[in-house]
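What follows is calculated from the coordinates using simple rules that are stated; it is not laboratory data. Only a predicted model underlies this, so the values are computations on that prediction, with no experimental measurement involved. Glycine gets a Cβ as well: all are built from the backbone with ideal geometry, and neighbour counts include every protein chain shown.
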Amino acid sequence: MNKHYDVIVVGAVSMGIAAGYYLSRQGVKVLLVDAFNPPHTNASHHGDTRVIRHAYGEGREYVPLALRAQELWDELEKMSYLKIFSRVGALGFGPKGESPFIDEAIASAKEFDLSIELLSSKEISKRWPGIAIPENYEAFFEPNSGVLWSENCIRMYRELAKVHGADIVVNSPVEDIQTYEDSVTVVTKNRN
């Protein structure tokens, strides 16, 4: 296949397929190439679900990104006939005063006025009988977080990218990327 594209995305799962969809939706001529046939079992998206939370223990600078991502997942679900997101909440806990991740998640929730419930170990055991944590732990429940149905997300982004004109080449491992002054050639194992 000797076609010209504005953008070639190598790896058409998770980030790649989403990028392909958003670019094609803007009228960009996109080619997505994957070594397998997404969704598949050979990447980190594999499996039923992935957690999405808004209070971030890795740093509060991620909160606006997580909230924007949630808006985009909600938008995708409105366009989808597949389940994309389940608002089941997210629970976090760790030793009081010894868990920087939990402390930062709680601080980020407070800074961005996110809905969280601070819970004791007794409250957790009462609410979720299968979970028992030590009394010296602190915990929070974030009711607006939940899980993404990861393979459904990829299926929908793939379908919508095609609707918007993206080409998708699957089962074609990339063997070489040749760069020139004003272009790039991507060579796959199948030479397509």
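Once you've got the Cα coordinates, tell me which of LYS29/LYS83; LYS83/LYS122; LYS83/LYS189; LYS29/LYS78; LYS110/LYS162 are over 30 Å apart. From the list (LYS29/LYS83; LYS83/LYS122; LYS83/LYS189; LYS29/LYS78; LYS110/LYS162), the Cα-Cα distance tops 30 Å for LYS83/LYS122; LYS83/LYS189; LYS110/LYS162.
Full extension of the segment from SER115 to TYR5, taken as 0.36 nm per residue of separation minus the current Cα-Cα distance, would add 35.2 nm. Relative to the Cα centre, the charge distribution of segment 97-178, modelled as +1 at Lys and Arg Cβ and -1 at Asp and Glu Cβ, gives a dipole magnitude of about 460 debye.
Note on VAL28 and VAL170: their simple-model spin labels are 2.3 nm apart, each label 7 Å out from Cα toward Cβ. Remark: spin-label model distance THR179-THR49 equals 4.2 nm, labels positioned 7 Å along the Cα→Cβ axis.
Please report, in debye to the nearest 20, how large the charge dipole of segment 54-144 is about its Cα centre when each Lys and Arg carries +1 at its beta carbon and each Asp and Glu carries -1 there. Show your work: numbers first, answer last.
Details: 10 positive and 16 negative charges, 80 e Å.
My answer is approximately 380 debye.
Let me make sure I get this right: for segment 54-144, a, b and c are the square roots of the gyration tensor eigenvalues over alpha carbons, sorted descending. Under 1.5 in a/c it's rounded, otherwise prolate if a/b > b/c, else oblate. Which is it? Oblate.
Label separation (GLU58 vs LYS83): 2.6 nm, computed from points 7 Å beyond Cα along the C-beta direction.
Each listed q (0.14 Å⁻¹) maps to a log10 I(q)/I(0) for the chain from the Debye sum over equal C-alpha point scatterers, namely -0.86. Comparing ARG68, ARG127, ARG53 in a Gaussian network model of the chain, where Cα atoms under 10 Å apart are tied by springs, the biggest mean-square fluctuation is seen for ARG127.
So what is the relative contact order for the chain, in percent, with contacts set as C-alpha pairs under 8 Å and at least six apart? Numbers along the way, then the final one.
On the way: 346 pairs, mean separation 59.6, N = 192.
Relative contact order here is 31 percent.
Taking amide H positions as modeled 1.01 Å from N, with prolines and chain starts lacking one, the residues under 5 Å from GLY94 and 5 or more places away or on another chain are GLU138.
Along the charge dipole of the chain, which of VAL163, SER115, GLY11 sits closest to the positive end, that is, farthest toward it, with unit charges on the beta carbon of Lys, Arg, Asp and Glu (+1, +1, -1, -1)? Working it through, the farthest residue towards the positive pole turns out to be VAL163. In this Cβ point-charge picture (+1 for Lys and Arg, -1 for Asp and Glu), segment 1-94 has a dipole of about 100 debye about its Cα centre.
Measuring between their Cα centroids, segment 129-147 and segment 33-108 lie 17 Å from each other.
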